[in-house]
1. Whether any residue in the range 126-140 is in a helix (DSSP H, G or I) and either outside the structural domain of residue 87 (by TED's automatic domain parsing) or not aliphatic (A, V, I, L, M) (or both) is what I want to check.
2. Among the listed residues 203, 171, identify the single one that is of a type in the set (D, E, K, R), buried (at least 16 other Cβ atoms within 10 Å of the Cβ) and modelled with pLDDT of 95 or more.
3. Answer yes or no: is there a residue in the range 168-179 that is in contact with a strand residue (DSSP E or B) (Cβ under 6 Å, 6 or more places away or on another chain), over 22 Å from residue 96 (Cα atoms), in a helix (DSSP H, G or I) and of a type outside the set (S, T, N, Q).
4. Tally up the residues in the range 170-185 that are farther than 14 Å from residue 153 by Cβ and either small (Gly, Ala, Ser) or within 21 Å of the chain's Cα centre (by Cα) (or both), please.
5. Looking at (1) among the hydroxyl-bearing types (Ser, Thr, Tyr); (2) more than 23 Å from residue 199 (Cβ to Cβ); (3) surrounded by fewer than 13 Cβ atoms within 10 Å (Cβ to Cβ), which is the one condition that is false for residue 107?
6. Can you name every residue in the range 128-145 that is surrounded by 13 or more Cβ atoms within 10 Å (Cβ to Cβ) and over 21 Å from residue 180 (Cβ atoms)?
7. Hey, can you tell me all the residues within the range 110-125 that are outside any helix (DSSP H, G or I) and either of a type in the set (Gly, Ala, Ser) or surrounded by fewer than 19 Cβ atoms within 10 Å (Cβ to Cβ) (or both)?
Amino acid sequence: MNIKQMQFIVFLLGGALALGGCAKEVVEEAPTPEVEELAPAPEEIVEVPVEAEEVVEEEPAEPLVVPREERVDIEQEPPSEVPPESGSYLYMIRHNDYLVKIATNEYGNPNEWRRIYDWNRELVGDDPNLIYPYHELELRKPENEIIRWDYDYTIHVVEQGETLWSIAADRYGDEIAWIVIFWDNEEMLGSNAGWLKPGMELRIRTELWPGR
């Protein structure tokens, strides 16, 4: 083997080694995926209901029940004329009152119910058989027959927890009479939405029907 042949063989071996090195696969290390940080879950907000201040509402009075035989019809009789010399006064409705009964007691004539109704139609409404205790009707008589009562009053100092309802029950034995206390103190209570506060001074009638 001459020198040229040996050089050729060395050349071939070197090329083969070079090709083998190029053929090697270069394994690149895969990049580590970034882990996305999750935002913390929002804290659950629990709404705690706030207890509203208890409001004690005074119950309205039930309308008085008129016996069937005493019920009246507004178309039954025409209104009678009002005597020109008549004066007016207020009549506070009692339990178990109805217009025919009031007419009998005040005028001695049950048929006078219609005149009472005509004077008080705005207060009573469309049904003369529905009237409420402690509401006041305007009645009329000759001036010399009218007896007007003067009420005496005491002062009641409101205590914690009291309502018009409870005061009426204590003073008059009837919770429904709270409306009388309200009317007697309307200037103060009306501007205060009817709320009672400890220390308030209320005017209280000593009697609901003095002299009767």
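1. no
2. None of the other options fit; the residue is 171.
3. No, the range 168-179 has no match at all.
4. Number satisfying all stated conditions: 7.
5. For residue 107, the exception is condition (3).
6. Passing the criteria: 128, 129, 140, 141.
7. 125
The values are calculated or read from the model by the stated rules, or taken from the named source; none is laboratory data. Because the structure is a prediction, the values reported are computed rather than measured. Every residue, glycine among them, receives a Cβ derived from its backbone with ideal geometry; neighbour counts consider all protein chains shown.
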